[in-house]
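Have a look at the structure below, then the notes.
Read the figures in this text as sums done on the coordinates, not as results from a lab. Remember, it's a predicted structure, so these values are computed and weren't measured experimentally. Note: ideal-geometry Cβ built from the backbone for every residue, glycine included; neighbour counts use all protein chains shown.
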Amino acid sequence: MTLIRLTGVTKSYPPSTKGGDPVVAVDDVDLEIAAGTVCGIVGYSGAGKSTVLRLVNALESPTSGRVEIDGRDITGLRERDLRTLRGDIGMIFQQFNLFDSRTVAGNVAYPLEVAGTPRPEIKTRVAELLDFVGLGGKARNYPEQLSGGQRQRVGIARALATSPRILLADEATSALDPDTTQEVLALLKRVNTELGITILVITHEMEVVRAIADRVVVMEHGRIIESGEVFDVLSAP
Ligand code: ADP
Ligand code: ADP
């Protein structure tokens, strides 16, 4: 079953200077991601990878084309449906984007508080999520007391709080050293296999794709120049 589908998607931004050309960030992209798989998008800086992620979680609307989640066009959703969609999509970032003034538990609880989840339920869920990411003992710590790898685990726990079906990872291991990267990738693999969550990772590191992706898409200048099974694409001459 296709969970994420982009059909003929183009996203262009207005010219930065008067009389300049529009920037075509994503150029006529077709992409299908099957439920339960891990898809990697690789490409150099400026290739259009982040724009694809922002189109998938409806932070941007396509200039033309369709973006569908589970067969449903997500462009032009109303506020209420947008919130439902965002609860179905978790996101993690290169710089973790944690709230420094909140504890580890407070960070993970945040999306549940926004969703209006009752307090006792939040507490149970936060404890369960922290156990899952191996930070059961760190609930009352603050982000600055944690290592980079631990901070990204908090980011992952927070992204999973609302039980999304999709996790979007934007250069999620790029700020980590190689060993920590392997640990975080192993955790993401568990998110996929144990929880059945579909993961879309964008990265400039081929190692990341080799470690966890089923399929890979290579972007250049807003276009998909190659896609397929990781082994086939990465071993191509
Ligand atoms: P990547 O994630 O592969 O580095 P991006 O999707 O961030 O690529 O960017 C693709 C292109 O679109 C780049 O040329 C970038 O400068 C441009 N771009 C991205 N976001 C914006 C924006 N909000 N306004 C104008 N141009 C943008
Ligand atoms: P902060 O000071 O960071 O905002 P709070 O103490 O207000 O943190 O807690 C925020 C949320 O996290 C609350 O809903 C609470 O139930 C939950 N929480 C706090 N401590 C724990 C813990 N040790 N285990 C599980 N959940 C916790």
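Could you pull out every one of the lysines with an alpha carbon less than 25 Å from that of Lys49, ignoring same-chain neighbours closer than 8 positions?
Leaving aside lysines fewer than 8 places away in the same chain, those within reach of Lys49 are Lys11, Lys189.
Give the Debye-formula value of log10 I(q)/I(0) at each listed q (0.32 Å⁻¹), with one equal scatterer per alpha carbon of the range 1-54, two decimals each.
One equal scatterer on each Cα of the range 1-54 leads to -1.28.
Can you give me the pair-distance distribution of the range 121-237, C-alpha pairs, 10 Å bins, whole percents?
Calculated over all Cα pairs of the range 121-237, the distribution is 12, 41, 31, 11, 3, 0 percent.
So what's the back-of-envelope 222 nm ellipticity for the chain, counting only DSSP H runs of four-plus at -39500 (n - 2.57) apiece and dividing by all residues, rounded to 500?
The per-residue figure over the chain is -10500 deg cm²/dmol.
Hey, what D do you get for the range 102-183 in µm²/s if you plug the Kirkwood alpha-carbon radius into Stokes-Einstein at 20 °C and 1.002 mPa s? Provide the component values of the computation, followed by the final result.
Values: Rh = 13.0 Å.
The estimated diffusion coefficient comes to 165 µm²/s.
Based on the alpha carbon coordinates of the range 139-186, what radius of gyration and maximum Cα-Cα distance (Dmax) apply, in Å?
Cα-based Rg and Dmax for the range 139-186 come out at 11.3, 30 Å.
Hey, quick one: spin label on Ile225, modelled 7 Å out along Cα-Cβ, who in the range 31-49 has an amide N within reach, i.e. under 17 Å?
41-49
Under a point spin-label approximation (7 Å from Cα along Cα-to-Cβ), what is the Thr193-Glu144 distance to one decimal in nm?
It works out to 3.9 nm between the two label points.
When the convex hull of the C-alpha atoms of the chain is computed, what volume per residue in Å³ does it have?
Enclosed volume per residue, from the Cα hull, is 141 Å³.
Taking Cα atoms of the range 1-99, Rg/Rh with Kirkwood Rh, to two decimals?
When Rh is taken as the Kirkwood radius, the ratio is 0.98.
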